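> Handing you this structure, nothing more for now.
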Amino acid sequence: MMTKKIVEENALTEKPKSKLLVVDDREDNLLSIETILNKDGYIIKTANSGRAALKILLKEQDFTLILMDVQMPDLSGFETATLIYERDVLKHIPIIFITAQDYGEESVFKGYQMGGVDYIYKPINPDLLRAKVTVFAELYEKNNRLLAQEQKLILANQDLEKELKERLIFEEKINLLNQQLTENVTQLKSTNEELERFAYVTSHDLQEPLRKIMIFGDMLATKYGSTLEDEGHSYVDRMVKASRRMQMLIKNILAFSRASKNTEAFEDTDLNSLLEGVLSDLEVFIEQKKATINIRKLPELKLIPNQFRQLLQNLIVNAIKFSKENTTPCIDIYAEKIKGSDIPDANHDLRNDDYYRILIKDNGIGFEQKYADRIFIIFQRLHTFDHFEGTGIGLSICKKIAEQHNGFISATSIVNKGTTFSVCIPVVQPN
């Protein structure tokens, strides 16, 4: 099998044999030349007249060289050469004239004008004949190789032009898509800004009539409470509670709107001091719930203090609020240094960046892990208001704040075991 493969490869790489046309009106001369050149392995065709040569050349044009006698009856070698070179397909074949006469310079020049490339004189010197044929055969083969290479280069250039044209078309499409994407992003940004302004203005404008409802509700309960029946008291109480829920909702919508547009600068912030202020604000709530909070030393980071304070407060309030009945809420707060590759949501460009992961872990009611993404969507709640108070905006605010800090927030939870919130913030904020 290996031998067969080598033979096939050699057959492919072996150069083709040169093909010669010998034209002479004498058979002995044809035989003599054929005998001399056969030693070099040429393919030789013979013609005993100019007309016979022309007939052969009508069917075959792949000759390397023509050896042609000058003195022939009917058509001379010069006349035959003239007729041969009238056809473009034959102009590439060199002709060596063979003559028994020692022509003068004028006749030799005429032969060259007819298209001849050289002369050989009779009686023929075998070594000289072989040498001259070898030279022209090699030149012919080299020329053919150059032509073949030129053809390859032309084809390669055509392919390259086609590829460049296709690439330009592709780049134009990409540019058009990028332009459309940029326009869509700009439009989306504008729409979001309008929605945020609308939410802010609407929420702000709702506060004044809401305050009046609450004031008049309290006045109604205080001033006319004695004249109201139990059903009337129930109505007033429900009105006041609904007003307070609405007030909380408006407050959270305003907080969400503020978190969406950051106008504050990053500052070097000691998380320990920031957390201490949050716990001080929640002191009464923590004591009411008899919650235990364990804190390990936290790092100093570049933060927007007011926003991050809101994030910590929301997460701690959540941890206490969703505690189990008859179980003391226990919350652990700590931090660890990690790489971007440890954050599932981080893209590839951030894999080698350093982050601090701040964890807030509780022993509360937990939730099914399949809802881990849903809890960060605005107005999404896993429990009814009757079971746990809230507006469904607090965790959405936390997500916005984490994003404003070029960070990530996620949650892992087990039902009746507890929940751990993870907030990842870059050690060095990008410029």
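> For a quick check of your reading of the model, give me the residue pairs whose first member lies in region 124-147 and is of a type in the set (K, R), whose second is surrounded by fewer than 13 Cβ atoms within 10 Å (Cβ to Cβ), with beta-carbon atoms closer than 8 Å and at least 6 apart or on different chains.
The qualifying pairs are R130/K39.
> Can you give me the number of residues within region 264-313 that are more than 28 Å from N431 (Cα to Cα), within 47 Å of the chain's Cα centre (by Cα) and either without any contact (Cβ under 8 Å) to a residue 24 or more places away in the chain or buried (at least 16 other Cβ atoms within 10 Å of the Cβ) (or both)?
Residues in region 264-313 being more than 28 Å from N431 (Cα to Cα), within 47 Å of the chain's Cα centre (by Cα) and either without any contact (Cβ under 8 Å) to a residue 24 or more places away in the chain or buried (at least 16 other Cβ atoms within 10 Å of the Cβ) (or both): 2 in total.
> List the pairs whose first member sits in region 12-27 and is at pLDDT 90 or above, whose second member is of a type in the set (D, E, K, R) and not in a loop (DSSP other than H, G, I, E, B), and whose Cβ atoms are under 6 Å apart, counting only residues at least 6 apart or on separate chains?
Matching pairs, first to second residue: L21/K45; D24/D69.
The values are calculated or read from the model by the stated rules, or taken from the named source; none is laboratory data. Since we're looking at a predicted model, the values are computed, not measured. Neighbour counts are summed over all protein chains in view; Cβ atoms, including those assigned to glycine, are modelled from backbone coordinates with ideal geometry.
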